[in-house]
Amino acid sequence: MVKCVENQIPLRIVLAKVGLDGHDRGVKVVSRALRDAGFHVIYPGLWQSPEAVVRTVADEDADWLGISLLSGTHMTLVPRIVEMLRAAGLDHVGVLVGGIIPETDVPKLLELGVARVFGPGTPMAEIIDFLRAHGSRTHA
Amino acid sequence: MATAVDRKLWSQWQREIEAAPPGEQPATTVSGVPIDPLYTPDNLDGFEYDSSLGYPGQYPYTRGVHATMYRGRLWTMRQFAGFGTAQQTNERFKFLVAKGQTGLSTAFDLPTLMGLDSDDPRSLGEVGRLGVAVDTIDDMRQLFAGIDIGKISVSMTINAPAAVIMAFYLANAQDQGVDWRKLRGTIQNDTLKEFHAQNEIYFPPEPSVRLAIDVIEFCTRHVPQWNPVSISGYHIREAGSTAAQELAFTLADGLHYVDQCLARGLQVDEFAPRLSFFFNAHNDLFEEVAKYRAARAVWADRLRNHYGARNENSWKLRFHAQTAGCSLQDKQPEVNLIRVAYQALAAVLGGCQSLHTNSMDETLALPSEHAVTLALRTQQVLAHETGVTNTVDPLGGSYFVETLTRQMAQEARGYFDRIEALGGMLPAIERGFFRREIADAAFAFQREFDAKHKIIVGVNAYQEAERKPLDILTIDHAVETEQVAQTRRVRKERSGEEQRRTLDAVRRAAEAQENLLPTLLDAARARATVGEVMVALAEVYGRCDAAVV
């Protein structure tokens, strides 16, 4: 008889482009790689406001939020989103940031509660392994 | 050139190749095109020098658009610049000119590119960050203060609101007493590629193209030395396309603009000579050279044989090149200097008319003065020390490069057929054809990189644990406050009545499908903001949300 492996619910991750930034090559590649790796990916497209992102995270019952920013606005938009997640009682949702983030800003983002910053040249496996290792606090 | 190959010698070589152990990595271009170990006359069946290649400055221009190319005149070294307020960018422009730069190129900030004012809530945190903020003609005046725009050529990278910005530029030129017929430069004004790749979208595709054609039509009649569109593959490539897709989609966009200009009643030889192009200069040297050579040949063929253009200048594809931003890495960033140098070499071997070399720190921030100076010096070394300018099209006649050039042209024509089968440019956009093709190519490259079939030095090989951060340019948050205050001041000072009257005229002209430039010029003079004009137009044209692929 075939033995049933652990019944796994796929991790749910919202990937978000916020603000006016149109650089979506990275976010599309990541969403496809995560989908292929068995994650449930929700990507609502460009130009999301922080409010809209938080609403999507809540509506989709997400485990993770990945914010993609290549426009230099991360120090304005990420703190707002993190704050709004907290206010909405969604602090169990892990936050990842990807894109062009100067090294000096990385510790500031981690301080805010961002779990990890993935810069350019990150192999997809690194993101996948990170998510698998950390799992879900939403569906713990 | 296609002389007979000695079969005996060839077989001997073939046996050696077959006996040799296979290489570590499959030999493909950065676009994934397989490359043979050797190219010989066999690859160039039917190749005749005069009919297949010809001379530079002659149809089909595979070898270059000018007879003497860089022996006559070097390419224009044009570094893209812009950040903060108009005054800060004006200072950077003067700095670049003092360092020997021969043309100016303006980067606008994201709110301006998206047609939003600096005080729009959506602009928060974005003002002056990736380029200069221009809300009104006052900012335009400040941007070029003390620079003789009748003498230096100016490029402006803007698309969705291009017609509005062009009106600001022209109205300002008039204020400065500069005759429009003397103005030289380029406005990007290529809204089609925004839908494929760049995503700075405001109106739906059809009115977006209409606005672009308004600029082309107006400049054809009144600003004859200006390039009213820069048909751009750069962003398509940055979004992850292959070289052949970049070539094909760019030329297809160009052909769509030609069709639309003809539909307006313009004659092909009136506007085609001033259509200009903008390509990426990526890592794969020979593939890039083939791309530029094929671009010229395919365009010349279409314009002459399909559209019946008679003016030779209509057949010539002139292009600006920029080294590939997406190839730059944040690990060991000084290595980017080397990447940029090879990419610049490709653009020059491919016969570019102007070139921007990226600065080594551009994956981190906008370039510092030190980094931008080195980038410019890279071009100067190429131009004056390497000797590559001494002869025209030095790679012409290479079995390899000629084969690649042919393949590239063939691939482009194959894509033209596929686009036509989808019903043409706009239906293909609506069906997500371009976005899907590009996203597939981007993903394919990522897999090659992850599998280490494609090596990026310092990133998936030859890493260094220690990191030496570069000094980078930071934009002060005060810029946003200052710019918002400036725009609000203009709103207070100007005549509200004039502003409303001119915007009404813009709306009426849009409804009547008239060329918008005359009314946009009036709105510019009445100090209407970019955002106000775009909102007025959206009342007629509607808005567009980016499709998700």
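The values are calculated or read from the model by the stated rules, or taken from the named source; none is laboratory data. Given the structure is predicted, the values throughout are model-derived calculations rather than measurements. Cβ: placed from backbone, ideal geometry, glycine included. Neighbour counts: every protein chain shown.
Numerical summary
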quantity: In region B:370-427, residue surrounded by the most Cβ atoms within 10 Å (Cβ to Cβ) [restricted to those that are in contact with a Lys or Arg (Cβ under 8 Å, 6 or more places away or on another chain) and among the aliphatic types (A, V, I, L, M)]; calculated: B:MET408
quantity: 3 or more residues among the aliphatic types (A, V, I, L, M) and touching a Leu at 6+ places or on another chain (Cβ under 9 Å): qualifying helices (runs of 4 or more DSSP H) within region B:247-336; calculated: B:285-301
quantity: Search result, residues across region B:497-549 that are assigned to a loop (DSSP other than H, G, I, E, B) and more than 14 Å from chain A (Cβ to nearest Cβ); calculated: B:ALA512, B:GLN513, B:GLU514, B:ASN515, B:LEU516, B:ALA526, B:ARG527, B:ALA528, B:THR529, B:GLY542
quantity: Extreme residue, farthest from the other protein chains (Cβ to nearest Cβ), among residues of region B:75-91 that are within 29 Å of B:LEU124 (Cα to Cα) and touching a residue at least 60 places away in the same chain (Cβ under 8 Å); calculated: B:GLN79
quantity: Members of region B:218-246 found to be part of a helix (DSSP H, G or I), farther than 22 Å from B:LEU170 by Cβ and away from every other protein chain (no Cβ under 14 Å), listed by number; calculated: B:ALA243, B:ALA244
quantity: Matching residues, region A:113-129, being within 7 Å of chain B (Cβ to nearest Cβ) and not in a loop (DSSP other than H, G, I, E, B); calculated: A:MET124, A:ALA125
quantity: Filtered residues of region B:463-486 (kept if over 26 Å from the mean Cα position of the chain (by Cα) and part of a loop (DSSP other than H, G, I, E, B)); calculated: B:GLN463, B:GLU464, B:ALA465, B:GLU466, B:ARG467, B:LYS468, B:PRO469, B:LEU470, B:ASP471, B:ASP476, B:HIS477
quantity: Candidate set from region A:5-23 (those that are charged (D, E, K, R) and within 12 Å of chain B (Cβ to nearest Cβ)); member that is nearest to A:HIS134 (Cα to Cα); calculated: A:LYS17
quantity: Condition met for B:GLY308 (at positive phi and not charged (D, E, K, R)); calculated: yes
quantity: Condition met for B:THR405 (polar (S, T, N, Q) and under 27 Å from B:GLN245 (Cβ atoms)); calculated: yes
quantity: Residue check, A:ALA33 buried (at least 20 other Cβ atoms within 10 Å of the Cβ), over 27 Å from B:LEU130 (Cα atoms) and within 13 Å of another protein chain (Cβ to nearest Cβ); calculated: yes
quantity: Top-ranked residue in region B:418-467 [being of a type in the set (Val, Ile, Thr) and closer than 30 Å to B:ASP259 by Cβ; ranked as nearest to the other protein chains (Cβ to nearest Cβ)]; calculated: B:ILE438
quantity: Top-ranked residue of region B:48-81 - restricted to ones that are more than 20 Å from B:VAL392 (Cα to Cα) and assigned to a loop (DSSP other than H, G, I, E, B), ranked as modelled with the lowest pLDDT; calculated: B:GLN79
quantity: Unmet criterion (only one of (1) under 22 Å from B:LEU376 (Cα atoms); (2) modelled with pLDDT of 95 or more; (3) part of a loop (DSSP other than H, G, I, E, B)) for B:ASN90; calculated: (3)
quantity: Hey, B:ALA451 over 30 Å from B:THR136 (Cβ atoms) and surrounded by 15 or more Cβ atoms within 10 Å (Cβ to Cβ) or not; calculated: no
quantity: Selection count, region B:93-104, where residues are in a helix (DSSP H, G or I) and either within 14 Å of chain A (Cβ to nearest Cβ) or in contact (Cβ under 8 Å) with a residue 12 or more places away in the chain (or both); calculated: 5
quantity: Hey, A:GLY26 within 14 Å of another protein chain (Cβ to nearest Cβ) and on the phi > 0 side of the Ramachandran plot or not; calculated: no
quantity: Any chance A:GLY98 is closer than 19 Å to A:ILE42 by Cα and either surrounded by fewer than 19 Cβ atoms within 10 Å (Cβ to Cβ) or within 14 Å of chain B (Cβ to nearest Cβ) (or both); calculated: yes
quantity: Test: residue in region A:42-49 that is surrounded by fewer than 23 Cβ atoms within 10 Å (Cβ to Cβ), under 12 Å from the mean Cα position of the chain (by Cα) and within 12 Å of chain B (Cβ to nearest Cβ); calculated: yes
quantity: Test result for A:VAL54, farther than 19 Å from B:LEU110 by Cβ, more than 14 Å from chain B (Cβ to nearest Cβ) and crowded, with 24+ Cβ neighbours inside 10 Å; calculated: yes
quantity: Which listed residue is closer than 15 Å to A:ILE13 by Cβ, surrounded by fewer than 19 Cβ atoms within 10 Å (Cβ to Cβ), free of Cβ contacts under 8 Å to residues at least 40 places away in the same chain and out of contact with any strand residue (DSSP E or B) (no Cβ under 8 Å at 6 or more places or on another chain), from A:GLY38, A:GLY135, A:GLY89, A:GLY121; calculated: A:GLY38
quantity: From B:ALA421, B:ALA442, residue being on the phi < 0 side of the Ramachandran plot, of a type in the set (Gly, Ala, Ser) and in contact with a helix residue (DSSP H, G or I) (Cβ under 8 Å, 6 or more places away or on another chain); calculated: B:ALA442
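Every residue, every condition in (1) farther than 26 Å from A:GLY22 by Cβ; (2) crowded, with 16+ Cβ neighbours inside 10 Å; (3) not aromatic (Phe, Trp, Tyr), yes or no:
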| residue | (1), (2), (3) |
| --- | --- |
| B:GLN513 | yes, no, yes |
| B:LEU521 | yes, yes, yes |
| B:ALA536 | no, yes, yes |
| B:ASP545 | no, no, yes |
